[in-house]
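Notes for the one structure printed next.
The values are calculated or read from the model by the stated rules, or taken from the named source; none is laboratory data. All figures in this text were calculated on a predicted structure; none of them were measured in a lab. Methodologically, a virtual Cβ is constructed for each residue, glycine included, from the backbone with ideal geometry; neighbour enumeration extends over all protein chains shown.
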Amino acid sequence: MLRHFTHLKLKGGWEMSNNDAAYILGIDPGPESCGYAVVGKGGEYLRGGEASLEYLTGVVFTSRCSVAIETMAPRGQPTGHNIIDTAMVIGRLWQAAVDRGLDVYRVPRQNYMQRICGTHKGGDAALRRALKLRGAPDSMLRAGSHVRAAYAVALYVVDAERLALRLKGTWPAAGR
């Protein structure tokens, strides 16, 4: 099932459907390779790196994950071959996940940057600082910018799931 997060505000009984998934696979797609981060349901970084599309869809996708893919938003600028190639990779990732029956979350960059950094205009340095403040492990912070972006995409989905559970009344309150 495809989910498109435009805001973390959840309206009218919306809830996450694959709560039994053991982890979230965040992906920052690129025309040549994709950054990925495997994140537990509590937001803990498990592993990450850069990999080919074939590796991600053949090895990393499992029945125990939800997939969060960074997507592009219209920018009103000319589009080059790299952007078109990246859009094609996003489509292939989405189709591979749907074919396996996984939940897929499309997360535009400005949305996760706003949530993680507090501004949608931040670059990689701002994202690195914000992830460090959230307690990201050094191994992830030293990884490439694509891995950090993939981690932020996955954290965005973790935050949305937590919010959905709080609104539903099933998330344990602090101190319980």
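General remarks:
- Just one residue in the set R92, R115 is of a type outside the set (D, E), at pLDDT 90 or above and part of a helix (DSSP H, G or I); that residue is R92.
- Test: residue in the stretch 72-81 that is surrounded by fewer than 11 Cβ atoms within 10 Å (Cβ to Cβ), modelled with pLDDT of 80 or more and in a helix (DSSP H, G or I): yes
- Candidates L102, L127, filtered to the one that is free of Cβ contacts under 8 Å to residues at least 60 places away in the same chain, of a type in the set (A, V, I, L, M) and either closer than 13 Å to Y156 by Cα or surrounded by 12 or more Cβ atoms within 10 Å (Cβ to Cβ) (or both): L127
- Any hit, the stretch 140-161, residues being part of a loop (DSSP other than H, G, I, E, B) and either among the basic types (K, R) or surrounded by fewer than 20 Cβ atoms within 10 Å (Cβ to Cβ) (or both): yes
- Test: residue in the stretch 1-20 that is closer than 27 Å to G135 by Cα, modelled with pLDDT of 90 or more and surrounded by fewer than 19 Cβ atoms within 10 Å (Cβ to Cβ): no
- One residue alone among Y45, Y36 is in contact with a Phe, Trp or Tyr (Cβ under 7 Å, 6 or more places away or on another chain), at pLDDT 90 or above, surrounded by 18 or more Cβ atoms within 10 Å (Cβ to Cβ) and under 20 Å from A143 (Cα atoms), and that residue is Y45.
- Filtered residues of the stretch 105-124 (kept if at negative phi and free of Cβ contacts under 8 Å to residues at least 40 places away in the same chain): Q110, M113, Q114, C117, T119, H120, K121, G122, G123, D124
- Residue list for the stretch 26-69, filter: assigned to a loop (DSSP other than H, G, I, E, B), basic (K, R) and more than 13 Å from Y156 (Cα to Cα): R64
- Test: V60 is aliphatic (A, V, I, L, M), surrounded by 14 or more Cβ atoms within 10 Å (Cβ to Cβ) and within 23 Å of G144 (Cα to Cα): yes
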